[in-house]
Protein chains: 2
Amino acid sequence: MTFVDQSIKILKKNKYKITGPRMAVLNVLEEAKIPLSAYDIEEHVPEHIPINVVTIYRVLDVFETLNIIHKVHTKEGYVRCDFELQKGCHSFAICNKCGRADEFLQEKCDLKSTLPKKLAYKSLSHISELSGLCEQCA
Amino acid sequence: MTFVDQSIKILKKNKYKITGPRMAVLNVLEEAKIPLSAYDIEEHVPEHIPINVVTIYRVLDVFETLNIIHKVHTKEGYVRCDFELQKGCHSFAICNKCGRADEFLQEKCDLKSTLPKKLAYKSLSHISELSGLCEQCA
DNA sequence: TTATAAATGCAATAATATTTTATTTGAATT
DNA sequence: AATTCAAATAAAATATTATTGCATTTATAA
Ligand SMILES: [Mn+2]
Ligand SMILES: [Mn+2]
Ligand SMILES: [Zn+2]
Ligand SMILES: [Zn+2]
């Protein structure tokens, strides 16, 4: 099942409408090789589909909430989620040279289990992003 | 040894000059309870010490390189480092309500050791930030 | 004290993100 | 097929964060 089809399924399940802007953003992110900003996405949407950047931000918000996409904070950009399951912690390895962001799962993640208790923090979410050089760029 | 004194020592050891703007930023961050943006810092500097925000960005760059401060990506703000040693991984727990960012050390951190190898990534640095509610706000 | 690399100031601009209000539309219901 | 309305979008303004290039100043060492 493609990323777009999977995303449509999740949107419907959660009572979100399938709209032009949402489809446009999904199609752009399906193909993207590196994290894209809202403005990058605006540029990648076909010209015959006009789309407002504020709308893109709102679409991205919904997609993030549904874990269809993730924000890569190190790059201020957005990427599709490469994993269907919500098991484990979705983390990123980012190449400083070519810009790619590879998602990987952390099965046992300190941040989710032991650490919040030690810190007396009620954990809601967290981000783990590693920067370095990918195999091709190393 | 205070944060400011420690920072001066590190600056000198690395052949950076001790300047007005650098001292001003150090003094602001020494007192700050939550992550501050460059513009926040500008506002906190005493009025009789004029300081350009571009300079603040440049000062912050140097401080980050020297690990005197860290950027909290979840908040787009900067905080002083609370640990002297560069041992372990410096991570943050951030309160969504009051905004405080508590630094903690991860002694054995998956991101630094095993995972980059599995991913064929040459790891240079990484960020770990947990969001939630602190003890007071929970 | 003087020389000089380092640091800063200034002006312009870029990049990312949010708020508010008015209007449009997807899709469920009739 | 038409109706209905919450949900979604557009538009305009504004806010926030960050960078670049070039002229000038300054902290420190010699
Ligand atoms: Mn994911
Ligand atoms: Mn630290
Ligand atoms: Zn690469
Ligand atoms: Zn709190």
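Structure notes:
- For the range A:80-100, the candidate set comprises residues that are part of a strand (DSSP E or B), within 11 Å of ligand 1 (Cβ to nearest atom) and closer than 18 Å to B:Leu115 by Cβ; within that set, the residue that is modelled with the lowest pLDDT is A:Cys89.
- Condition met for A:Cys98 (in contact (Cβ under 8 Å) with a residue 40 or more places away in the chain, within 7 Å of chain B (Cβ to nearest Cβ) and more than 18 Å from B:Cys109 (Cα to Cα)): no
- Only listed residue being under 30 Å from A:Leu105 (Cα atoms) and acidic (Asp, Glu), chosen from B:Asp61, B:Asp82, B:Asp40: B:Asp82
- Of all residues in the range A:110-138, those satisfying the criterion of being under 22 Å from the mean Cα position of the chain (by Cα), part of a loop (DSSP other than H, G, I, E, B) and crowded, with 19+ Cβ neighbours inside 10 Å are A:Asp110, A:Leu111, A:Cys134.
- Here is the figure for the range A:54-95: residues that are away from chain B (no Cβ under 14 Å), away from DNA strand C (no atom under 16 Å from the Cβ) and not charged (D, E, K, R) total 5.
- Subset of the range A:30-78 (residues that are among the hydrophobic types (A, V, I, L, M, F, W, C), in contact (Cβ under 8 Å) with a residue 24 or more places away in the chain and more than 21 Å from A:Cys89 (Cα to Cα)): A:Ala32, A:Leu36, A:Ala38, A:Ile41, A:Ile49, A:Ile51, A:Ile56, A:Val59
- The residues in the range B:15-49 that are within 18 Å of the chain's Cα centre (by Cα) and among the polar types (S, T, N, Q) can be counted, and the count is 2.
The values are calculated or read from the model by the stated rules, or taken from the named source; none is laboratory data. Computed from a prediction, not measured in an experiment: that's the story for all the values here. Quick reminder, even Gly has a Cβ in these numbers, built from the backbone with ideal geometry, and neighbours come from all protein chains shown.
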